[in-house]
1. Which residue, B:W220, B:I5, B:Q73, has the largest displacement toward the positive end of the dipole of region B:2-233 when charges sit on each Cβ (Lys, Arg +1; Asp, Glu -1)?
2. Please calculate the 1.4 Å probe accessible area of B:K173, with all protein chains present, and give it to the nearest 10 Å².
3. Projected onto the charge dipole of the protein assembly as shown (+1 at Lys/Arg Cβ, -1 at Asp/Glu Cβ, origin at the Cα centre), which of B:T124, B:A108, A:G109 gives the Cα projection farthest towards the positive end?
4. When the dipole is taken about the Cα centre of region B:2-233, and only Lys, Arg (+1) and Asp, Glu (-1) are charged at their Cβ, what size is it in debye, to the nearest 20?
5. Using a 1.4 Å probe on the protein heavy atoms only, what accessible surface does B:S157 show? Give it in Å² to the nearest 10.
6. For A:Q75 and A:D9 in one chain, what is 0.36 nm times their gap in residues minus the Cα-Cα distance, to one decimal in nm?
7. Using the Cα gyration tensor of region B:2-233, with a ≥ b ≥ c the square roots of its eigenvalues, what is the shape: rounded (a/c below 1.5), prolate (a/b larger than b/c) or oblate (neither)?
8. Could you put B:L161, B:L38 in order of accessible surface area, largest first, with the 1.4 Å probe and the full protein assembly present?
Amino acid sequence: MTALLALEDVSRRFGGLNAVDHVSFSVEKGEILGLIGPNGAGKTTLINMITGVHPPTGGRVQFDGRDISKLRPHQIARLGLARTFQIVQPFPKMTVLENAAAGALFAGGAGGLDEAHAIAREHLTFTGLADMADKPAAALTLAKRKRLELAKSLAMKPRLLMLDEVNAGLNPTEISEALGLIRKIADQGVTIIVIEHLMKVVLSISHRVVVLHHGQLIAQGEPREVLSDKSVIEAYLGAKYAAANPRGAP
Amino acid sequence: MKNWITLIVVAAMLATLPLVGNNYLLRLASILCMYAVLAQSWNFIGGLAGYPSFATAAFFGLGAYTSAILQNQGLPMMLAWGTAGLTTLLFAAALGGAILHLRGHYFAIASLIVAEMLREIVNTTPNLTGGGMGLNLPIMRISVEAQARYFFYAMLSLAFLCTATAIVVYRSKLGFGLRCIQQNEDAASILGVNAYSYKTAAFSLSAVFVGIAGAIYASWVNYIEPPDVFDILLAVKPLVMVLLGGLGTIFGPAIGALILLMFEEFVWRNFLTVHAAALGLIIVVLVLFLPNGLLSLLRERFARLRGAR
Ligand SMILES: Nc1ncnc2c1ncn2[C@@H]1O[C@H](COP(=O)(O)OP(=O)(O)OP(=O)(O)O)[C@@H](O)[C@H]1O
Ligand SMILES: [Mg+2]
């Protein structure tokens, strides 16, 4: 396998804070990578670095063999890197269809507005939003807004899709629907990074897991192995719990 | 299609005005067209992209002075107008690079200062610009009536061109991208919108027609001075007109221009001293109570009537 994305010793400082601190790992083509870590670990910051929102203050980001650390967000988007936001970011006054069409038009290579609308419709159908196409995005429920984020990203024809807590705030039925969608997207050959707090979800879909803590990479590997790693348990539950339960994740 | 028909019909009706109207009416109609240009132009950056610009006065004055100086150097009038438009466009593109990374109030304040800067430049270069003494323009050797008609048609053509541009832009990829930026700039960038060049395009569009309007105005009144063409009210009125007529709509600016002009002619003239205060009050009321424009009230009422049937 070849790496689609490679982080080489990347760091991001905010003033005196090392939000991401000398992190290196790579993501293989076709893989679903789980990115986990306690609150404030630097997961979202890492995605922001990859997408150019907050460029790295140190190190390099390589995408498909090309250094993208210095590119601007729209350039990175056009290379085929799409993301959803932890806090959903629709264009509230535009229709659901227009929201998705934006992705197709500006990054997905659609030839014009009509073609963008057609592509958008496909992805709304795929994400189960087709009957909402003409409603303003602001009218959607949280679960549907999260799916709209997904539809927008898919309309960009991504090669790498980064999902920042797409399941947070959803009920169990909605979560299993969302997981079904993510698996289908992966089956189409899209490489995926999922940020996720629910361990069950991480275990069920990731091929591999990377753990961040205080901005540093503390473990990576096969999901079950990583979750029973002592430093990972410590990070999540504190040193005391780890000592009392030497083996086994919660 | 509906927009094009509306535009052509309204413009054709206005074009017959010299047949029926007197000079006073023609003067009002010329101002109306000029106001429509200022408002429509502001709508590109303020309404479509969501960047509240106060640079209109700067563009207007720059266009007026560029054209006046060139004509005094012997350039034919029309050519001077065109060059003024081009100069203003390039100026806006360069200025955009410097201030369009600012957001909200910061952008508004930065854009406000530009007119003051240009005014200072004019004041300190009397050899070229006449400084505080102002600048005379070549006088046209035609009758007063012919002049009134001439400048009316010039302003009307400009308003037509500006609105036609708006119709094209609103339905284009550029217009779509600008609406994305207006609603959420960060999300737009992540979707591949080149926010920087789109905003610069919108800012340039908001300048070019205003520059030409300033140039035409200068020829029309024959004499310009800094307090006249860099007037702060020129920066505030476009915003008021667009808010009156409807933010980000095609005909809102023209309708807002008509409302403001009528207000100025029939109310304002009698209460000269309360000018600025009245304008301020209108802005506050509009922003607080009618963010979608005065017309939205009528539209809602109309929708309710239809719903009740
Ligand atoms: N724009 C910013 N400016 C300053 N500090 C920031 C900024 N963005 C993030 N941080 C800080 O960086 C650290 C990492 O934050 P980040 O949002 O990446 O964590 P996270 O792992 O995504 O957490 P969560 O699970 O809560 O979403 C935090 O301490 C946060 O306060
Ligand atoms: Mg986060």
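The values are calculated or read from the model by the stated rules, or taken from the named source; none is laboratory data. These numbers were taken from a predicted model, which means no experiment stands behind them. Here Cβ is always computed from backbone atoms with ideal geometry, including for glycine, and neighbour counts include all displayed protein chains. Just the protein is used for accessible areas: all its heavy atoms, side chains included, with ligands, DNA and RNA removed. Shrake-Rupley method; radii C 1.70, N 1.55, O 1.52, S 1.80 Å.
1. B:I5
2. The accessible area of B:K173 comes to roughly 90 Å².
3. Working it through, the farthest residue towards the positive pole turns out to be A:G109.
4. Working: 10 positive and 8 negative charges, 124 e Å.
Around 600 debye, computed over region B:2-233.
5. Ignoring ligands and nucleic acids, B:S157 comes out at about 70 Å².
6. Numbers: separation 66, 0.36 × 66 = 23.76 nm, distance 2.22 nm.
In short, 21.5 nm is gained.
7. Cα axes put region B:2-233 in the oblate bin.
8. Working: B:L161 95, B:L38 5 Å².
Sorted descending by solvent-accessible area, the residues read B:L161, B:L38.
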